[in-house]
1. Residue by residue through the stretch 8-27, note down the ones that are in contact with a Leu (Cβ under 8 Å, 6 or more places away or on another chain), farther than 12 Å from R63 by Cβ and without any contact (Cβ under 8 Å) to a residue 60 or more places away in the chain.
2. Scan T56, T18 and give me the residue that is at pLDDT 95 or above, part of a loop (DSSP other than H, G, I, E, B) and touching a Ser or Thr at 6+ places or on another chain (Cβ under 9 Å).
3. Specify the residue that is nearest to G83 (Cα to Cα); the eligible residues are those in the stretch 165-184 that are of a type in the set (S, T, N, Q) and either touching a residue at least 40 places away in the same chain (Cβ under 8 Å) or assigned to a helix (DSSP H, G or I) (or both).
4. Which count do you get for residues in the stretch 237-256 that are acidic (D, E), touching a residue at least 24 places away in the same chain (Cβ under 8 Å) and not in a loop (DSSP other than H, G, I, E, B)?
5. Output the number of the condition that L226 fails; it satisfies all remaining conditions of (1) assigned to a helix (DSSP H, G or I); (2) over 20 Å from R81 (Cβ atoms); (3) aliphatic (A, V, I, L, M).
6. Out of the residues in the stretch 200-212 meeting the condition of being under 15 Å from the mean Cα position of the chain (by Cα) and assigned to a helix (DSSP H, G or I), tell me which one is nearest to D86 (Cα to Cα).
7. Please count how many residues of the stretch 180-222 are over 26 Å from Q155 (Cβ atoms) and surrounded by fewer than 19 Cβ atoms within 10 Å (Cβ to Cβ).
8. Quick one: which residue in P44, P19, P30 is surrounded by fewer than 16 Cβ atoms within 10 Å (Cβ to Cβ), more than 25 Å from V165 (Cβ to Cβ) and out of contact with any helix residue (DSSP H, G or I) (no Cβ under 9 Å at 6 or more places or on another chain)?
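The values are calculated or read from the model by the stated rules, or taken from the named source; none is laboratory data. Every value quoted in this text rests on a predicted model; they were computed, and no experiment measured them. All Cβ positions, glycine included, derive from the backbone under ideal geometry; neighbour counts span all protein chains shown.
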Amino acid sequence: MTTLHDFPAVPAFGHLPTPDGVDVVGIDLPVGRLTAYRIVPSGPSKGTVLIVPGYTGSKEDWRTFLPILRDAGWSAVAISRRGQADSAAPDDRTAYSLEHEAADVVRAAGLLDDGAPVHLIGHSLGGVIVRAAAIASPTSFRDVTMFCSGPHGWQYRKAAEKTIVADTCSNRALFDAQNPLWAGRPDAELPDDVRMVRERFDHTSVLSVLAGAAILEDRADTTDALRATGLPVLVAHGVWDGAWPIPWQADMAERLGAEYAVIAESYHGPQVENPLGTVAVFDTFMSKH
């Protein structure tokens, strides 16, 4: 029977309410405390899922999706990665390497279900990180979902963003550049979701953003290494996903021998844009393993 570690409760991040039945907890790792959302179904659990967010994301990207995943019968933890939002934020740029990020995922997985392998989902940059985690420790996981994530990055992909952040030492400057309609406005004038994103930019480590951008520019392709683990893999993305070239994602799925799913009516965040379609894809895949 699936169990889920009794992590300590921590305060919620930001102004948005936490959905009923979603706990805000801390996961203590060598880097410090990562914050996370935790769900446990009211009846028997189908298994335990670890969710890893993307580049400038956090656990809050999964705030509205987790109750749907819980109602589908799954236990899950969605983390904020080191440096994101209210998670521990080292002040050393080298602490945000792909290897360190992947090690956090492996360590967190080992705490979730009495050390039993867990299902693993990584969104965008999180997909790159979970791939590295699965390659490093395949016995920690039951399967891997590469969600809106591709086989490798490309040069200069984040050059403009890195310049803005490095020149200003500010994530707020990056938010303003990406959201000119809302730049400089007081909180009271922002839609709730936009305000949350700005809060997260303000609290996320600049070093995390710069290091994440560098990972997204790395052209190394470890698809063959992931296939060699023998883990079942799902590659899934929104039908209009523009963050990673869709032909790359489809080709990666073929080279992995993975299941491949295109989620209708969604872009780069299907868990928000089409949550019912997304949970159906996840549930069907993970229930096999």
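1. Once the filter is applied, which keeps residues that are in contact with a Leu (Cβ under 8 Å, 6 or more places away or on another chain), farther than 12 Å from R63 by Cβ and without any contact (Cβ under 8 Å) to a residue 60 or more places away in the chain, the stretch 8-27 yields only G26.
2. After applying the criteria, what remains is T56.
3. Only one residue tops the list, namely N171.
4. Matching residues across the stretch 237-256 total 1.
5. Of (1) assigned to a helix (DSSP H, G or I); (2) over 20 Å from R81 (Cβ atoms); (3) aliphatic (A, V, I, L, M), only one is false for L226: (2).
6. Checked the stretch 200-212; the qualifying residue nearest to D86 (Cα to Cα) is R200.
7. Here the count works out to 17.
8. P44
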